[in-house]
Amino acid sequence: MPEETFLGYERPDGRVGARNHVAIIYTVDCARFVSEQVASKVRGGIALGWFSCYSMLKNEDTDMLVGLGRNPNVAAAVVVGLGCETGSPSKVAEGIRKSGKEAEVMTIQGAGGTRSTIEKCVEAAKRMQKGIPLERTQHAISKLTIGLKCGGSDATSALSANPLVGMVADRLIDAGGSILTSELTELAGCEHLIRERSVTPELGRRVSKLIGDSVSEFETRFGSGHTMMSPGNVNGGLTTIEEKSLGALTKTGHRKLQGLLQPGEYPKRPGWYIVDGLVAKNLRHYGFEADGEPTDFAAGGAQLTIFTTGRGSANGNIVAPLLKVCANPQTYRNMKEDMDFNAGAILEGEDTFDRSAKKLFSSLVRTASGARTKSERLGHQEGGQIIGGVPLSRPALEFCP
Amino acid sequence: MKPERPSAVIISEKDNVATALRTLQAGEKVRLARGELELEVKLTEGVIPGHKFAISKIARGEHIIKFGEVIGAATADIRVGAHVHTHNVASLHGRVDQKPTQASQSA
């Protein structure tokens, strides 16, 4: 198979899935048990949805669930509500149907209880499944939208995995694909670089402001000093704030920034897009989760996310699988069962950036074509539960940068 | 045969600095490669892991390039093989329209 194409599932709106799921989407936690039961009884079934009852009042909330339902990895959806929550299952289903795919609505109160709803949902899912493609067909890689994210970073992240992923990002964009990133607080100190890379000065100003707002929000919640140069950074060899921020930014490659997306919004053109992480994080339970961005990327149409790590990570994503690129060769050996790609080989002289970039690109294409990632094989299904709208005044239970 | 473990890494072919992967001694000759680029640099001073050294001559005021991007500007002339850090580099952040040499003089 030539590298400029991949094998995927074509959807009615022309998008192409890397996976073939039936999404069982709940609009309140009260419908989660039923949704999970349904998902376990349907081939390719995944359960995801919205936790809070009272927070799902804004359009953005519905947009996020619609964005996940529209994701090309999802073939069809059943939206399950309890029946009295503030979120509207029919609005979510309507939004998903606009992409041309089927979406059924069910409420537990309407369908007559737990068992009856499970039965009716399974029936609906199986009926819809008859209409979805079971064979992968060949498509241009321009159909790929890939999220980029780092977590559990160490000093090697900026020296191998992140620049390597940047090379893959450039190649994907040149072929007509899109990349999505977020992690706005990590861009503090390189606003001028974002402005230089923005397609319009207005976009550059909007992103700069958003970086500032994200840092303020972060400091209000968690205290200051997380985002600037620390003595430890300087002792470790980082000279300027540009250098520190570029360590994370380098995974976006060198192409222009095309736009800023709201949660649930999809890229309109090829190229690099930033997802408004401030809105997304407030939707998603700010600080109550470790790595929520892959879900934001999935809600923006990403079929996969490339996840770079130095210290190691053990997570996945229920809608858009994570391809783990490990920067540190020792971590790769230590956590091989979780790591998909050893970028640390560059630091050990076993590979060069150019050769590694070709291999990683092939690995991305194979994964998009159906090869399962390590986290998929291990059964990871993180990111499916969106808590929704934790107010600023509420203390965070945990935080993992 | 196991490949030789590199002593330092050059991230982009545009870079004028390399990052040490182990402790490098003054006077030590280090072989480096990045794409078509292959060079040997003699360290003029010791550099610890994670720290940078110049792989080409950098004049005062010139940009320091890492990741193929500008990470700051030289506040002094930097010789090949010299340690590149806060003592001879200033951030351009927040004063991109101002020459870094002026900023360092006023500091």
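Remarks
- Among A:L304, A:L48, A:L193, residue whose mean-square fluctuation peaks in a GNM of chain A (springs only between Cα atoms under 10 Å): A:L193
- Computed FRET value (nearest 0.05) for B:E28 with A:E337, which takes r as the C-beta separation and R₀ as 30 Å: 0.20
- Residue among A:P89, A:P329, A:P231 with the largest mean-square fluctuation in a Gaussian network model of chain A, springs linking Cα atoms under 10 Å: A:P231
- Principal axes of segment B:8-106: Cα extent on each, largest first, Å: 37, 26, 20
- Inter-chain shielding of A:183-194 (mean C-beta neighbours from other protein chains, 10 Å cut-off): 2
- Look at the dipole of segment A:21-129 built from charges on Cβ: of A:S88, A:S52, A:Q37, the Cα furthest out on the positive end belongs to A:Q37.
- Cα centroid separation - segment A:230-273 against segment B:13-69, whole Å: 24
- Residues of segment B:1-32 with amide N under 20 Å of the 7 Å Cα→Cβ point at B:V80: B:7-21, B:24-32
- Extension gain, A:R372 to A:E4, is 130.5 nm, computed as 0.36 nm per intervening residue step minus the present C-alpha separation.
- Counting beta carbons within 10 Å around each of A:K98, A:K359 and listing the fewest first gives the order A:K98, A:K359.
- Using the rule -39500 (n - 2.57) for each DSSP H run of four or more residues, divided by the residues of the protein assembly as shown, the 222 nm mean residue ellipticity is -9000 deg cm²/dmol.
- Residues in segment B:2-18 that a label on A:Q330 would reach, taking backbone N under 18 Å of a point 7 Å out along Cα→Cβ: B:5-9
- In units of the compact-protein estimate 2.2 N^0.38 Å, segment A:139-386 shows a Cα radius of gyration of 0.94.
- Sorted fewest first by neighbouring Cβ atoms within 10 angstrom, A:I141, A:I346 come out as A:I141, A:I346.
- Cβ-based exposure ranking for A:C190, A:C326, in which fewest neighbours within 10 Å come first: A:C190, A:C326
- Considering only alpha-carbon pairs that sit under 8 angstrom and 6 or more positions apart, the relative contact order computed for segment A:98-213 is 20 percent.
- Put simply, the C-alpha atoms of the protein assembly as shown give a gyration tensor, and the ellipsoid matching it has half-axes of 44, 24, 19 Å, longest first.
- Local electrostatic count at A:A103 - Lys and Arg +1, Asp and Glu -1, tallied over other residues with Cβ under 10 Å: +1
- Using a Förster distance of 35 Å, the FRET efficiency for B:E45-A:K358 (Cβ separation, nearest 0.05): 0.45
- Isotropic mean projected area of the C-alpha convex hull, segment A:21-129 (nm²): 5.5
- Close amide H pairs (under 5 Å, H built 1.01 Å from N) link A:V78 with A:A23, A:I24, A:I25, A:E104, residues at least 5 positions away or on another chain.
- Exceeding the 27 Å Cα-Cα cut-off - candidates A:K126/A:K149; A:K41/A:K251; A:K209/B:K57; A:K256/A:K324; A:K374/B:K14; A:K41/A:K149: A:K126/A:K149; A:K41/A:K251; A:K209/B:K57; A:K374/B:K14; A:K41/A:K149
- Ranking A:L180, A:P201, A:F222 by how far each Cα lies toward the positive end of the dipole of segment A:177-227 (charges on Cβ) leaves A:P201 at the top.
- Inter-label distance, nm, simple model (7 Å from Cα along the C-beta direction), A:K256/B:K57: 3.8
- Once C-alpha pairs closer than 8 Å and six or more residues apart are averaged by separation and normalised to the residue number of segment A:21-129, the relative contact order reads 30 percent.
- Here segment A:91-109 is scanned for amide nitrogen atoms under 20 Å from the site 7 Å beyond the Cα of A:E123 along Cα-to-Cβ, giving A:102-109.
- The mean number of partner chain beta-carbon atoms within 10 angstrom of a residue's beta-carbon across peptide A:346-359 is 3.
- Counts of other chain beta carbons within 10 angstrom of each beta carbon in peptide B:69-78 average 4.
- Förster radius 30 Å - calculated FRET efficiency between A:S230 and A:K268, Cβ distance, rounded to 0.05: 0.20
- Each Lys and Arg Cβ is given +1 and each Asp and Glu Cβ -1; about its Cα centre, segment B:8-106 then shows a dipole of about 160 debye.
- Here the relative contact order of chain A, from alpha carbon pairs under 8 Å that lie six or more residues apart, stands at 21 percent.
Every read-out reported here was derived from the displayed coordinates using simple, explicitly stated rules and does not represent laboratory data. Note that the structure is predicted; figures quoted are calculated from it, not measured. Every residue, glycine among them, receives a Cβ derived from its backbone with ideal geometry; neighbour counts consider all protein chains shown.
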